[in-house]
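Scroll down for the structure; my scribbles are underneath it.
The values are calculated or read from the model by the stated rules, or taken from the named source; none is laboratory data. All of these numbers come straight from a predicted model, not from anything done at the bench. Heads up, the Cβs are rebuilt from the backbone with ideal geometry, glycines too, and the neighbour counts pull from every protein chain shown.
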Amino acid sequence: MVYDTIIVGGSYAGISAGLQLARARRQILIIDAGQRRNRFAYSSHGFLGQDGEHPGAIASKAREQLMAYPTVEWVTDTAIHAKAEQEGYAIVVGSGQSFAARRLILATGVKDELPALPGLTALWGKKVFHCPYCHGYELNGGMIGVLASSPLAIHQALMLPDWGPTTLFLNEAYTPDAAQLAQLARRGVTVEAEPVLSIGEDQADITLASGRIIRLAGLFIQPRTRLSSPLAVQLGCELEAGPTGEFIKVDAMRETNVPGVFACGDAAVAAGNVAIAVGDGARTGAAAHQSLIFR
């Protein structure tokens, strides 16, 4: 069977793209390995109608609604290889099966690469975050830390005082210039130059090299990101540099430089959250559908 569209990635962007195609009565296949980027978080915020819900519950309900459409199929596996064929594209999954489609949507997401700080990984998504809009409000105005791992830390440090008193831990990652120090001072940000030794096991409490402990309601970091899947590179999709890592370059219709290959969600935007991923997926699904008609 040749599907109208294969969507690789069954998280928020992929399901949203699939919903547009399913409602157009197109035959689609979603291939998903079950590795949502936000699977470490207890709750999701900023998405209309779902504010505060568990991210897994949002994804499960969305999948249930999508699978109610009779033209949708779902394969739980990892897509490991993609290649162009005469009438479209073929995807090979870990089990060895191969699937073909006229169009391909890459909703493969990214992986976060966290700073090497003892205790940090265990608190990722719980007390350690990267998005103030997703998690800042729930810190209830408590003390907030920003752990610098790159110059991007200045951006977070200047934003976060709207959510609580903020300390920027330079951690020998970079040195703010005079203009940046003046900006931080105007925002009331405390700058801590002493190196960070570790973070607490259950709370985001910072232990400095001297042994001094600074208690925090939450800690924000700037993880590097990398594409979760090699498919875009295998197909020859052009990438572009973002503030935290490369992402797939798309045009206004969410199509890559490879005809018939579209991309959406975190794999195709410089920064995102659930609401952005859902909207981006909806745009991409509609664009892929129209490409089946008008070319």
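Observations
- Contacts under 7 angstrom Cβ, first residue in segment 154-168 being outside the structural domain of Asn140 (by TED's automatic domain parsing) and in contact (Cβ under 8 Å) with a residue 40 or more places away in the chain, partner part of a helix (DSSP H, G or I) and surrounded by fewer than 21 Cβ atoms within 10 Å (Cβ to Cβ), 6 or more apart: none
- Counting residues in segment 204-213 that are among the charged types (D, E, K, R) and within 27 Å of Val250 (Cβ to Cβ) gives zero.
- Close pairs from segment 91-116: first under 30 Å from Ala148 (Cβ atoms), partner assigned to a loop (DSSP other than H, G, I, E, B) and of a type in the set (S, T, N, Q), Cβ under 6 Å, at least 6 apart: Thr108/Ser228; Thr108/Ser229; Gly109/Ser228; Val110/Ser228; Lys111/Ser228; Pro115/Ser149
- Any hit, segment 60-67, residues being among the basic types (Lys, Arg) and in contact with a Gly (Cβ under 8 Å, 6 or more places away or on another chain): yes
- Only a single item in (1) charged (D, E, K, R); (2) on the phi < 0 side of the Ramachandran plot; (3) not assigned by TED's automatic domain parsing to the domain that holds Tyr12 is not met by Glu87, and it is number (3).
- Selection count where residues are under 22 Å from Met159 (Cα atoms) and either of a type outside the set (Phe, Trp, Tyr) or not in a strand (DSSP E or B) (or both), scope segment 204-236: 14
- When we screen Asp280, Asp251 for residues that are in a loop (DSSP other than H, G, I, E, B), at pLDDT 95 or above and of a type in the set (Asp, Glu), the only hit is Asp251.
- Verdict on Ser16 being closer than 30 Å to Gly136 by Cα, at pLDDT 95 or above and surrounded by 19 or more Cβ atoms within 10 Å (Cβ to Cβ): yes
- All positions within segment 254-284 that are surrounded by fewer than 16 Cβ atoms within 10 Å (Cβ to Cβ) and under 17 Å from Ile6 (Cα atoms): Pro259
- For the condition farther than 26 Å from Arg226 by Cα, at pLDDT 95 or above and surrounded by fewer than 20 Cβ atoms within 10 Å (Cβ to Cβ), Gln50 does not qualify.
- None of Ala232, Ala287 is aliphatic (A, V, I, L, M), surrounded by 24 or more Cβ atoms within 10 Å (Cβ to Cβ) and in contact (Cβ under 8 Å) with a residue 12 or more places away in the chain except Ala232.
- Enumerated strands (runs of 3 or more DSSP E) restricted to segment 20-113, each holding at least 1 residues that are β-branched (Val, Ile, Thr) and under 15 Å from the mean Cα position of the chain (by Cα): 110-113
- Checked against (1) assigned by TED's automatic domain parsing to the domain that holds Gly34; (2) out of contact with any Phe, Trp or Tyr (no Cβ under 6 Å at 6 or more places or on another chain); (3) without any contact (Cβ under 8 Å) to a residue 60 or more places away in the chain, Cys264 passes all but condition (3).
- Criterion violated by Ala204 - all others in (1) closer than 24 Å to Ala270 by Cβ; (2) of a type in the set (A, V, I, L, M, F, W, C); (3) in contact with a Lys or Arg (Cβ under 6 Å, 6 or more places away or on another chain) satisfied: (1)
- Unmet criterion (only one of (1) free of Cβ contacts under 8 Å to residues at least 40 places away in the same chain; (2) at negative phi; (3) of a type outside the set (Lys, Arg); (4) outside the structural domain of Gly136 (by TED's automatic domain parsing)) for Thr207: (4)
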